[in-house]
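The structure under discussion appears below in the form of structure tokens.
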Amino acid sequence: MVPELEKATVHMKNPEHVKRVISALRKEGTDKLQVISDFDMTLSRFGFNGRRCPTSHNILDNSRVISEEGRKKLKDLLHYYYPIEIDPNRTMEEKCPLMVEWWTKAHDLLLQQKILKSDIAKIVRDSEVMLRDGVNAFFDQLHQHDIPLFIFSAGVGDVLEEVLRQAEVLHPNVTVVSNYMDFDDQGVLRQFKAPLIHTYNKNNRVLGKTEQFQQLSSRTNIVLLGDSMGDLSMADGVTDAENVLTVGFLNDKVDERRGKYRDAYDIVLEKDETLDVVNGILCYVLGDLN
């Protein structure tokens with residue numbers, strides 16, 4: 001059915017369920033389908049040649065526009081809050097206020113750096129960000145069949161969009177909901193626009209009844225891609241969701257987190273830096289239309 005599901009990186013708790021959902025997605029066609037995806041470490045790579053790749057926040061944090069002192073403070077925040085974010089023993093309720101705290105402090109530090117809008121393209125170009133192998137085929141398939149791709153990110157929207165623009169995959173069917181910068185008349189960063197989006201509130205509660213969300217609501221078949229437990233709620237609010245296939249990228253602390261991911265996601269991809277499996281599924285689902 002989908003040869004890529006035989007890859008050694010693929011783990012499924014219930015392969016029969018996966019087959020049933022994929023068959024239903026194919027049968028019901030493109031008009032009812034949408035893809036909802038996280039960005040950092042889901043569409044972008046986790047690592048390359050043994051080194052971590054930057055997230056959209058890291059791209060800024062590590063750039064020349066951030067002072068040495070600013071960089072150190074941002075790193076300190078990461079070392080304090082990231083273990084909390086991924087702690088399997090803490091509840092979402094415990095984590096949420098701490099995530100708001102982290103993001104707010106990080107944004108405040110970035111505001112102090114007087115970042116220029118005109119610098120964003122060069123900051124991205126000079127960074128070590130990498131998208132996963134197969135990303136062009138992924139974006140092109142969805143664009144070709146006019147399937148909405150909805151990217152929900154707790155990162156920095158301006159940076160994320162620039163990464164996609166430079167990769168030439170920011171097609172009209174792509175909608176990004178993220179933390180966007182607000183620049184003054186001189187093009188200097190003055191604040192971040194509301195609402196604040198962190199790892200554990202990436203769902204319709206931050207969208208309300210916006211046009212973007214209305215657009216999603218009529219498409220009740222969903223392929224959801226994420227790399228954290230928080231990403232699983234991204235489809236919340238698609239009220240009549242019929243067939244949902246969740247694909248989780250397990251990038252880090254694999255042995256410790258494997259059980260939890262297999263219980264939560266339909267398909268778990270362990271240390272897989274490609275979109276091969278996702279592209280294989282889409283190829284099959286769209287196969288009769290090519």
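Tabulated data
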quantity: Computed FRET value (nearest 0.05) for LYS7 with ASP108, which takes r as the C-beta separation and R₀ as 45 Å; calculated: 0.55
quantity: Dipole of the chain, positive direction: furthest Cα of VAL135, PHE192, ILE66, with charges on the beta-carbon; calculated: ILE66
quantity: Dmax and Rg, reported as Rg then Dmax, of the chain (C-alpha, Å); calculated: 18.6, 57
quantity: Residues with amide H under 5 Å from that of LEU245, placed H, sequence gap 5 or more; calculated: ILE222, VAL223, LEU224
quantity: FRET efficiency estimate (nearest 0.05) - Cβ-Cβ, LYS19 to ASP146, R0 30 angstrom; calculated: 0.70
quantity: The stretch 22-81 - percent of accessible surface contributed by carbon and sulfur, probe 1.4 Å; calculated: 50
quantity: Positive-end residue of PHE46, LEU109, HIS11, charge dipole of the chain with Cβ unit charges; calculated: LEU109
quantity: 222 nm mean residue ellipticity, helices alone, for the chain (DSSP H n ≥ 4; -39,500 (n - 2.57); rounded to 500); calculated: -12000 deg cm²/dmol
quantity: Hull-based mean projected area of the stretch 1-84, where the convex hull spans the alpha carbons, in square nanometres; calculated: 9.3
quantity: With every protein chain in place, the stretch 217-290: carbon and sulfur % of accessible area (1.4 Å); calculated: 44
quantity: Whole-number accessible area per residue in Å² for the stretch 57-186, which is evaluated in the context of all protein chains at 1.4 Å; calculated: 49
quantity: Cut-off of 10 Å, at most 14 other beta carbons, DSSP loop: longest stretch of the chain lacking such GluC sites (Glu not before Pro); calculated: 1-127
quantity: With eigenvalues of the C-alpha gyration tensor scaled by 5 and rooted, the stretch 41-183, Å; calculated: 26, 20, 15
quantity: Tilt relative to the chain, helix 157-166 - C-alpha long axis, 0 to 90 degrees, to 10; calculated: 60
quantity: Student exercise, the chain dipole from Lys, Arg, Asp, Glu Cβ charges, in Debye to nearest 20; calculated: 320
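The values are calculated or read from the model by the stated rules, or taken from the named source; none is laboratory data. Note that the structure is predicted; figures quoted are calculated from it, not measured. So basically every Cβ, Gly included, is an ideal-geometry build from the backbone, and we count neighbours across all protein chains shown. To get the accessible areas, we keep the full protein, side chains included, count just its heavy atoms, and leave off ligands, DNA and RNA. Shrake-Rupley method; radii C 1.70, N 1.55, O 1.52, S 1.80 Å.
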